[in-house]
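Below is one structure, written out as structure tokens; the observations come after it.
The values are calculated or read from the model by the stated rules, or taken from the named source; none is laboratory data. Note that the structure is predicted; figures quoted are calculated from it, not measured. For neighbour counting, all protein chains shown are included, and Cβ atoms are generated from backbone atoms with ideal geometry for every residue, glycine included.
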């Protein structure tokens, strides 16, 4: 028997706020989290702008030395979410019914580059003995399970920029089909390492503009690439009756999930939008609603020429003429692209949008593109009652993920 799955906790570390309340306030107000990169010298870099997390210091300095920055972000955001939910393993949740699914696109790349430089400069004997457990992509999930005594499924998902959405979707299915009662799910990323960053820049994926208000420009005719961001988002998913039994606060309900692959190209989405469209349709079908019941779409909307066009084509193919009546915005205009954490922080945005009845804007959208003719909510958000909200994530390798969130009633 399928079970209902609700959201009972949220946490976030982002370029526009280091907790959910600060984050949402920044998104609602159209705050730009993009600025000059400070993590490394950009003198020789093609791109110089990024969405860095500001004023972050891991709560336990000693423990932090054993964690890559991406894990520090993830543990911090997940801690906020668990505390928000009120779940305590062994007290109000069976540890063997409490699990973790955590996503990342790149894992501990900052530590890997740091230790690689150390090996060349000082010899391999100086490489940290903790290198491997600090860089492997599954380590965040493992650390979360250890920290919160979650003994059900513990899975690390690595599906590029879809990882955060896939983590939430797979956690939803795990609870829906009875394999767990609660899951910690989301994603984390910290990829401001110079070699990694250069790789993105050299493939011409990144915006090379020097004006922070004109570099992250989803759906704008002058868009020239995405802006890398960093941070983490986590949600606590819980079986409805389990949540009700302990009088938990319920933020919303996950009602649909779609996951497909373009099987087309290692970096470019399919020009037809077929894969993204199929993921959206799967989520709609699982929710058992009509396409015109979707009230808002939080788009992947990276600001690359191909993504924004092909995602628009995909939305039109699913929603038909109704696509013109549904607001579609990209909050990456404010945060930059958090890669494997993007879908996770955007899920938090979608929940807060439903809770507050506000559609977030796409900032920096100044020059309309004739080929992109949907309602992208330029500049300023707007009030709107939201019952069903969709969030899309599309990743290198052709990975597509969509979740559908419903107002809980």
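Looking at segment 282-299, is at least one residue in a helix (DSSP H, G or I), surrounded by 20 or more Cβ atoms within 10 Å (Cβ to Cβ) and in contact with a helix residue (DSSP H, G or I) (Cβ under 7 Å, 6 or more places away or on another chain)?
Within segment 282-299 (the criterion being in a helix (DSSP H, G or I), surrounded by 20 or more Cβ atoms within 10 Å (Cβ to Cβ) and in contact with a helix residue (DSSP H, G or I) (Cβ under 7 Å, 6 or more places away or on another chain)), the answer is yes, since at least one residue qualifies.
Tally up the residues in segment 235-248 that are part of a helix (DSSP H, G or I) and surrounded by fewer than 24 Cβ atoms within 10 Å (Cβ to Cβ), please.
5
Would you confirm, using the coordinates I've provided, whether residue 232 is in a loop (DSSP other than H, G, I, E, B), crowded, with 24+ Cβ neighbours inside 10 Å, touching a residue at least 12 places away in the same chain (Cβ under 8 Å) and assigned by TED's automatic domain parsing to the domain that holds residue 30? Spell out the reasoning first.
Values: in a loop (DSSP other than H, G, I, E, B): no; crowded, with 24+ Cβ neighbours inside 10 Å: yes; touching a residue at least 12 places away in the same chain (Cβ under 8 Å): yes; assigned by TED's automatic domain parsing to the domain that holds residue 30: yes.
It is false that residue 232 is in a loop (DSSP other than H, G, I, E, B), crowded, with 24+ Cβ neighbours inside 10 Å, touching a residue at least 12 places away in the same chain (Cβ under 8 Å) and assigned by TED's automatic domain parsing to the domain that holds residue 30.
Just to be sure, is residue 321 over 15 Å from residue 391 (Cα atoms), surrounded by fewer than 23 Cβ atoms within 10 Å (Cβ to Cβ) and at pLDDT 95 or above?
Numbers: over 15 Å from residue 391 (Cα atoms): yes; surrounded by fewer than 23 Cβ atoms within 10 Å (Cβ to Cβ): yes; at pLDDT 95 or above: yes.
When the stated conditions are applied, residue 321 passes them.
Name, by its number, the condition in (1) in a loop (DSSP other than H, G, I, E, B); (2) crowded, with 21+ Cβ neighbours inside 10 Å; (3) touching a helix residue (DSSP H, G or I) at 6+ places or on another chain (Cβ under 7 Å) that does not hold for residue 87.
(3)
Taking the conditions exactly as written (farther than 29 Å from residue 244 by Cα and out of contact with any strand residue (DSSP E or B) (no Cβ under 8 Å at 6 or more places or on another chain)), does residue 47 satisfy them or not?
no
Going by what's in this entry, would residue 98 be described as surrounded by fewer than 19 Cβ atoms within 10 Å (Cβ to Cβ), assigned by TED's automatic domain parsing to the domain that holds residue 138 and either within 15 Å of the chain's Cα centre (by Cα) or modelled with pLDDT of 95 or more (or both)?
no
Conditions tested, residue by residue: (1) part of a strand (DSSP E or B); (2) touching a helix residue (DSSP H, G or I) at 6+ places or on another chain (Cβ under 8 Å); (3) under 22 Å from residue 240 (Cβ atoms).
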{"site": "140", "(1), (2), (3)": "no, yes, no"}
{"site": "145", "(1), (2), (3)": "no, no, no"}
{"site": "172", "(1), (2), (3)": "no, no, yes"}
{"site": "195", "(1), (2), (3)": "no, yes, no"}
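May I ask you to say which residue of 186, 178, 169 is closer than 26 Å to residue 94 by Cβ and surrounded by fewer than 24 Cβ atoms within 10 Å (Cβ to Cβ)?
That would be 178, the only listed residue that is closer than 26 Å to residue 94 by Cβ and surrounded by fewer than 24 Cβ atoms within 10 Å (Cβ to Cβ).
Looking at residue 365, is it buried (at least 20 other Cβ atoms within 10 Å of the Cβ) and under 16 Å from the mean Cα position of the chain (by Cα)?
no
Within the group 208, 267, 272, which residue is outside any strand (DSSP E or B) and either free of Cβ contacts under 8 Å to residues at least 12 places away in the same chain or not assigned by TED's automatic domain parsing to the domain that holds residue 341 (or both)?
208
Restricting attention to segment 352-371, does a residue exist that is at positive phi, in a helix (DSSP H, G or I) and touching a residue at least 40 places away in the same chain (Cβ under 8 Å)?
If we filter segment 352-371 for residues that are at positive phi, which is where we start, we get 357, 364.
Those still in the list that are in a helix (DSSP H, G or I) too: none.
The answer is no, given that none of the residues of segment 352-371 is at positive phi, in a helix (DSSP H, G or I) and touching a residue at least 40 places away in the same chain (Cβ under 8 Å).
Outside the structural domain of residue 37 (by TED's automatic domain parsing), in contact with a strand residue (DSSP E or B) (Cβ under 8 Å, 6 or more places away or on another chain) and more than 16 Å from residue 393 (Cα to Cα): does that describe residue 285?
yes
If residue 253 satisfies every condition in (1) farther than 30 Å from residue 289 by Cβ; (2) out of contact with any helix residue (DSSP H, G or I) (no Cβ under 7 Å at 6 or more places or on another chain) but one, which is the exception?
All conditions are met except number (1).
Output the number of residues of segment 365-408 satisfying the condition of being in contact with a strand residue (DSSP E or B) (Cβ under 9 Å, 6 or more places away or on another chain) and farther than 23 Å from residue 317 by Cα. Walk me through how you get there before you give the answer.
Within segment 365-408, the first condition is being in contact with a strand residue (DSSP E or B) (Cβ under 9 Å, 6 or more places away or on another chain), and the residues that meet it are 365-366, 368, 374-379, 381-384, 386-395, 397-408.
Remaining after also requiring farther than 23 Å from residue 317 by Cα: 365-366, 379, 381-384, 407-408.
Number of matching residues: 9.
If I filter segment 50-68 down to residues being touching a strand residue (DSSP E or B) at 6+ places or on another chain (Cβ under 9 Å) and in a loop (DSSP other than H, G, I, E, B), which single residue comes out as farthest from residue 210 (Cα to Cα)?
Checked segment 50-68; the qualifying residue farthest from residue 210 (Cα to Cα) is 56.
Out of (1) touching a strand residue (DSSP E or B) at 6+ places or on another chain (Cβ under 9 Å); (2) not in a helix (DSSP H, G or I), what's the single condition that is false for residue 164?
So the condition that residue 164 fails would be (2).
Check off (1) in contact with a strand residue (DSSP E or B) (Cβ under 6 Å, 6 or more places away or on another chain); (2) surrounded by 24 or more Cβ atoms within 10 Å (Cβ to Cβ); (3) not in a loop (DSSP other than H, G, I, E, B) for residue 71 and give me the number that stays unchecked.
(1)
Quick check on this structure: which one of 43, 78, 63, 12 is out of contact with any helix residue (DSSP H, G or I) (no Cβ under 8 Å at 6 or more places or on another chain) and closer than 22 Å to residue 144 by Cα?
Unique residue meeting the criteria: 63.
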